[in-house]
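The structure under discussion appears below in the form of structure tokens.
The values are calculated or read from the model by the stated rules, or taken from the named source; none is laboratory data. Just so it is clear, the model here is predicted, and its values are computed rather than measured. All Cβ positions, glycine included, derive from the backbone under ideal geometry; neighbour counts span all protein chains shown. Surface areas here come from the heavy atoms of the whole protein model, side chains and all, with no ligands, DNA or RNA. Shrake-Rupley method; radii C 1.70, N 1.55, O 1.52, S 1.80 Å.
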Amino acid sequence: MPRIALIPGDGIGKEVVREARRVLEVVSEAEKAGVACDELAYGAERFLRDGVTITDDEFAAIESEYDAVLLGALGDPRVPSNQHAKDILLGMRFRLDLYVNFRPCSLLAPELSPLSRDLSGLRLEIFRENTEGEYTGMGGSLRKHTADEVALEENIATRMGVERIVTAAFEYARAQRRTRVTLVDKSNVMRHVGGLWRRVFEEVGETFPEIERDAMYVDAMAMDLVRRPERYQVLVASNLFGDIISDLAAEITGGLGLAPSANIHPGKHALFEPVHGSAPDIAGTRTANPLGAIRCVGLLLDHLGHPEAGARVEAAAVASFQAGCRTPDLGGDASTEDVGTWIVEHLQSDYANG
Ligand code: NAD
Ligand code: IPM
Ligand code: MN
């Protein structure tokens, strides 16, 4: 029986995971998949109350007892250091070596894009390196809180780390019959790290001769993703650049509220989370869009070996939107729970009709 660790986290994370859980349970029942969910209350509340973010034993349990994790979001204005998010979210990415951060962005309906041109069918898939770059915490401060303060935040790239994410992007492109992979970097300025990425990208790319490859500097990419996003298919980027362009790609395909992501070590561990954060500006207003989290359930089912069930969830998410059941970010007045209920009921009748 697959066991899933649910970590709702903070702010709207709790609100969207509640709906995602209902969807997962309905599908699990209909598929007789026997998915069991345990809710783990890691987040700002616990940190503020007990001073604990996540313990070594809890990490060990996540590693050994669960088939996957579904996380809402971590981030709370009362924790300006963001310490708990670093410990819990980055902790899982690093300790479980979830080196692929897969962020698919597809335009579900042409009117969802804020861009004025018809971008029907637009699909961008971002492969974000998830264990290196500026995220390792390597660095430090000298003479802190003085006028002579020095701060360092190292940008780490290893050949192994770059090679495995670039390979994952090309393998995905081959499997999905995508015809282009684009590297996003800043190798005109960051000669050392950028140079390594470019060399590895060429070496790996040569072994996928049927796939076109090109490279863009990240600043030009930010511009081009607005100007002609349809030119791009699969993008591969370092941790920080992948973080930034995935918010941009999510926005041009309908908004952050719709975007799911998978953090994966292929064959080992997986953590699913919407791309968005805890959105303190709308937390508690019942207006958060749960579709990013619900689409994570689709990715999770796919990962657990139920691709047809995953496709049903994705189709139900699209259907909810088309039926006009939309949260305010999509121009509607439905609540988070309304959207969850619509999808649950749609899936129930979908399964009842075979
Ligand atoms: P955010 O993604 O939380 O919000 C950005 C904007 O998008 C806000 O205006 C918000 O209202 C809107 N938005 C986000 N998700 C939405 C949804 N589902 N429905 C409707 N609107 C939505 O980014 P932020 O404001 O920069 O960050 C808030 C906190 O979340 C910070 O503490 C940050 O560190 C954290 N964060 C966590 C994660 C994560 O846990 N994976 C990801 C990003 C940010
Ligand atoms: C994301 C978030 C995280 C990141 C933060 C909350 C640590 O922005 O998942 O995109 O930077 O990776
Ligand atoms: Mn982000």
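General observations
- Screening VAL181 on (1) surrounded by fewer than 23 Cβ atoms within 10 Å (Cβ to Cβ); (2) more than 13 Å from ligand 2 (Cβ to nearest atom) shows it passes everything except condition (1).
- The set of residues in region 292-331 being of a type in the set (Asp, Glu) and either free of Cβ contacts under 8 Å to residues at least 12 places away in the same chain or open to solvent by less than 10 Å² (accessible area, probe 1.4 Å) (or both) consists of ASP302, GLU308.
- Scanning region 99-126 for residues that are within 11 Å of ligand 2 (Cβ to nearest atom) and either free of Cβ contacts under 8 Å to residues at least 12 places away in the same chain or not β-branched (Val, Ile, Thr) (or both) gives ASN101, ARG103.
- Looking across region 255-303 at every residue that is among the polar types (S, T, N, Q) and touching a His at 6+ places or on another chain (Cβ under 9 Å), the one that is nearest to ligand 1 (Cβ to nearest atom) is identified as ASN289.
- Members of region 260-303 that are of a type in the set (A, V, I, L, M, F, W, C), under 13 Å from ARG21 (Cα atoms) and either more than 10 Å from the chain's Cα centre (by Cα) or part of a loop (DSSP other than H, G, I, E, B) (or both): LEU291, ILE294, VAL297, LEU300, LEU301
- Looking across ILE343, ILE282, one residue alone is surrounded by 24 or more Cβ atoms within 10 Å (Cβ to Cβ) and hydrophobic (A, V, I, L, M, F, W, C). It is ILE343.
- Extreme residue, nearest to VAL181 (Cα to Cα), among residues of region 135-158 that are within 24 Å of the chain's Cα centre (by Cα) and surrounded by fewer than 17 Cβ atoms within 10 Å (Cβ to Cβ): THR158
- Failed criterion for ALA41 (all others in (1) buried (at least 21 other Cβ atoms within 10 Å of the Cβ); (2) among the small types (Gly, Ala, Ser); (3) closer than 16 Å to GLY9 by Cβ hold): (1)
- The single condition among (1) over 18 Å from the mean Cα position of the chain (by Cα); (2) not in a helix (DSSP H, G or I) that GLN348 does not satisfy is (2).
- Residue in region 324-335 that is within 16 Å of ligand 2 (Cβ to nearest atom), modelled with pLDDT of 95 or more, in the same structural domain as ARG21 (by TED's automatic domain parsing) and in contact with a helix residue (DSSP H, G or I) (Cβ under 9 Å, 6 or more places away or on another chain) present: no
- Some residue of region 81-90 being more than 14 Å from ligand 2 (Cβ to nearest atom) and either over 29 Å from CYS325 (Cα atoms) or out of contact with any Asp or Glu (no Cβ under 6 Å at 6 or more places or on another chain) (or both): no
- Only one of the listed residues (PHE208, PHE241) is not in a helix (DSSP H, G or I) and not assigned by TED's automatic domain parsing to the domain that holds THR336. That residue is PHE208.
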